[in-house]
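Step one of this worksheet: look at the structure below.
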Amino acid sequence: MPRPILAQIDLSALRHNLAVAQRHARGRAVWAVVKANAYGHGLERVLPALAGADGLALLDLDEAQRARDSGWRKPILLLEGFFSPADLRVVAQLNLTAVVHQHEQVLMLERQGVAVPLEVYVKLNTGMNRLGFNADELPTVLQRLGALPGVQVAALMTHFANADSPRAQDVSTPLQRFAAQISAPVSAWTGPTSLANSAALLMQPQVHGHSVRPGIMLYGATPASGRAAASFDLQPVMRLRSQILAVRTVAAGEAVGYGSRWVAQRSTRLGVVACGYADGYPRVAPDGTPVWVDGRIAPLVGQVSMDMITVDLTSAPEATVGSPVELWGEQVPIDTVAERAGTVGYELMCALAPRVPVQVNG
Ligand SMILES: *Cc1c(COP(=O)(O)O)cnc(C)c1O
């Protein structure tokens, strides 16, 4: 028998979350963001549930290739564009839309030219200060791209640093910056724009632009710390499940796990769960992190180890070897585990380890 750990991917939840995104998008085109192997869910696994999206957005050429190999014929947006002149051939071959965010990319296009028509999204920096052109660069960039036969600027886009912020100015300032950039006298842009990630799509209806780029919400986790995914009507797509593989009772004063971090205050029945950090469970999860055991919540006790965690079964007296466990999913939101571990749901789902078997439902 294989080790009892299992990740279940619920495609009906993914379809539901896509419908939520489309409802908020009110007719705008939806790019389903599937970078990082669909946020750890498996690109090929999720594609059937994303058939209703208008396009896919991702970063890696090999992921674009995999999407095409799986039969995805609609547009694919390459979020960081091409990295080298050689990439341009693949971009053409796979018929990708490429983000252009820096001068080096414009130079590559000028030097190499394009053999087949290429649609580009020009990225503007509105305060994230990672990728994108600044306001004063835009007129020249549009002029240079406009002079290239076969290159068509299909949209201007930006990515907000604080779309999940409840403070209105955190979004209105970059939005004003964006508006000022695209309306500068020499570059006046009246074409399409693409602005919103999940947080902006759900919480900032004034900054959607013509196409939106939801990622995390499709997978059923929250884009906003402090607001539960369920409050946005999102359903968890990934369920990480396991079983109790051993049970023991320790006396008061006994410790458990590496470093003896947790010490029993009284005689305590403990369950050992077949899941550890080598499966993607966060090693930094503290004592008290909720774990669902056969209908009850049993708190994590002791240091997370590579292949196992230990839980306090006091509130789950019927639990025994073989009892079902959910680490995250329907009973314990992934965001709850993430918050306890000082991170976000994004990181946990992306870190699901390759050794965990995956079952696709729905
Ligand atoms: C990852 C990414 C998104 C999606 O962000 P979420 O917070 O997951 O919705 C959108 N746009 C760009 C440019 C991204 O890199």
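Read phi for every residue in region 208-224 and hand back ³J(HN,Hα) as whole Hz from Karplus 6.51 cos²θ - 1.76 cosθ + 1.60, θ = phi - 60°, with x for Gly and Pro.
Each residue's phi maps through the Karplus curve to give 7, x, 8, 9, 10, 10, x, x, 3, 5, 4, 8, x, 10, 7, x, 10 Hz.
Towards the positive end of the charge dipole of the chain, with charges on Cβ (+1 Lys, Arg; -1 Asp, Glu), say which of Ala29, Ala168, Ala221 has the farthest Cα.
Value: Ala29.
Cα atoms only: what Rg and Dmax, in Å, come out for region 154-200?
In Å, with Rg to one decimal and Dmax whole: 11.4, 34.
Which listed residue (Gly342, Ala179, Val212) has the Cα farthest towards the positive end of the charge dipole for the chain, taking +1 on Lys and Arg C-beta and -1 on Asp and Glu C-beta about the Cα centre?
Val212
If the chain between Asn134 and Ala115 were fully stretched, how many nm would it gain, using 0.36 nm times the residue separation less the Cα-Cα distance?
Net length gain for the segment: 4.0 nm.
How long, wide and thick is region 158-264, going by the Cα atoms along their three principal axes, in whole angstroms, largest first?
76, 25, 22
What are the residues whose amide H is under 5 Å from the amide H of Leu270, where those residues sit 5 or more places off or on another chain and H is modelled from the backbone?
Arg248, Thr249, Val250, Leu313
Over all distinct Cα pairs, what is the inverse of the mean 1/r for region 84-217, reported as the Kirkwood hydrodynamic radius in Å?
By the Kirkwood definition, the hydrodynamic radius is 15.4 Å.
Quick check: Cα centre of region 250-303 to Cα centre of region 82-137, how many Å?
Centre-to-centre (Cα) distance: 49 Å.
Based on Cα positions only, what radius of gyration and what Dmax would you give for region 11-150, in angstroms?
Every Cα atom of region 11-150 included, Rg and Dmax give 16.0, 47 Å.
Compute, for the chain, the length of the dipole vector about the Cα centre, with Cβ point charges of +1 (Lys, Arg) and -1 (Asp, Glu) only. Units Debye, rounded to 20.
300
Could you give the radius of gyration (one decimal) and Dmax (whole number) of the Cα atoms in region 139-179, in Å?
Over region 139-179's Cα set, Rg and Dmax evaluate to 14.7, 44 Å.
Count the net charge of all other residues whose Cβ sits under 10 Å from the Cβ of Ala98, scoring Lys and Arg as +1 and Asp and Glu as -1.
Surrounding charge for Ala98 is -3.
What does the highest-first list of 343-351, 46-54 look like by mean Cβ count within 10 Å?
Answer by packing, highest mean first, reads 343-351, 46-54.
Return the equivalent ellipsoid semi-axes of region 292-350 as a descending list in whole Å, where each equals the square root of 5 times an eigenvalue of the C-alpha gyration tensor.
Three semi-axes, in Å: 21, 13, 10.
How large is the charge dipole for region 300-353, taken about the Cα centre, if only the Cβ atoms of Lys, Arg (+1) and Asp, Glu (-1) carry charge, to the nearest 20 debye?
On the way: 1 positive and 8 negative charges, 21 e Å.
Once rounded to the nearest 20, the dipole reads 100 debye.
Can you find, among Leu109, Gly191, Leu43, the residue sitting farthest towards the positive end of the charge dipole of the chain, where Lys and Arg contribute +1 and Asp and Glu -1 at Cβ?
Checked the options; the winner is Gly191.
So what are region 229-362's ellipsoid semi-axes, whole angstrom, largest first, if each one is the square root of 5 times an eigenvalue of the alpha-carbon gyration tensor?
25, 15, 14
According to a simple spin-label model (label point 7 Å from Cα along Cα-to-Cβ), what is the distance in nm between Asp60 and Ala179?
4.0
Quick check of the Kirkwood formula: for the chain, what is the inverse mean of 1/r over all pairs of different Cα atoms, in Å?
Values: mean 1/r = 0.0450 Å⁻¹.
Result for the chain stands at 22.2 Å.
Count the net charge of all other residues whose Cβ sits under 12 Å from the Cβ of Ala255, scoring Lys and Arg as +1 and Asp and Glu as -1.
Here the count lands on -1.
When the helices in the chain are scored as -39500 (n - 2.57) per DSSP H run of 4 or longer and the sum is shared across all residues, what 222 nm value do you end up with, to the nearest 500 deg cm²/dmol?
Only helices count here, giving -7500 deg cm²/dmol.
What relative contact order, as a whole-number percentage, does the chain give when Cα pairs under 8 Å and 6 or more residues apart are counted?
Reported as a whole number, the value is 18 percent.
Quick check for you: with a 1.4 Å probe and neighbouring chains kept, what is the accessible area per residue of the chain, in Å²?
On a per-residue basis, 43 Å².
What full-extension length gain, to one decimal in nm, is calculated for Met1 and Ala252 as 0.36 nm per residue of separation minus the Cα-Cα distance?
Numbers: separation 251, 0.36 × 251 = 90.36 nm, distance 3.48 nm.
That pair, Met1 and Ala252, stretches by 86.9 nm at full extension.
Quick check: net charge around Ala316, other residues with Cβ under 13 Å of its Cβ, Lys/Arg +1 and Asp/Glu -1?
Around Ala316, the charge tally is -2.
How far is helix 103-112 tilted off the main Cα axis of the chain, in degrees rounded to 10, range 0 to 90?
Tilt of helix 103-112: around 60 degrees.
Relative to the first principal axis of the alpha-carbon coordinates of the chain, what is the inclination of helix 11-25, with its axis defined by its Cα atoms, in degrees from 0 to 90 and to the nearest 10?
Long axis of 11-25 versus the principal axis of the chain: about 40 degrees.
Using the crude model of +1 on Lys and Arg Cβ and -1 on Asp and Glu Cβ, and no other charge, please compute the dipole size for region 239-321 relative to its Cα centre, in debye to 20.
Result for region 239-321 is approximately 60 debye, rounded to the nearest 20.
Going highest first, how would you order 112-123, 12-23 by mean Cβ packing within 10 Å? Before the final figure, lay out each step's value.
Numbers: 112-123: 17.8, 12-23: 19.4.
In descending order of packing, they fall as 12-23, 112-123.
The values are calculated or read from the model by the stated rules, or taken from the named source; none is laboratory data. This is a predicted model, so every value here is computed, not measured. Note that each Cβ is placed from the backbone with ideal geometry, even for glycine, and that neighbours are counted across all protein chains shown. Just the protein is used for accessible areas: all its heavy atoms, side chains included, with ligands, DNA and RNA removed. Shrake-Rupley method; radii C 1.70, N 1.55, O 1.52, S 1.80 Å.
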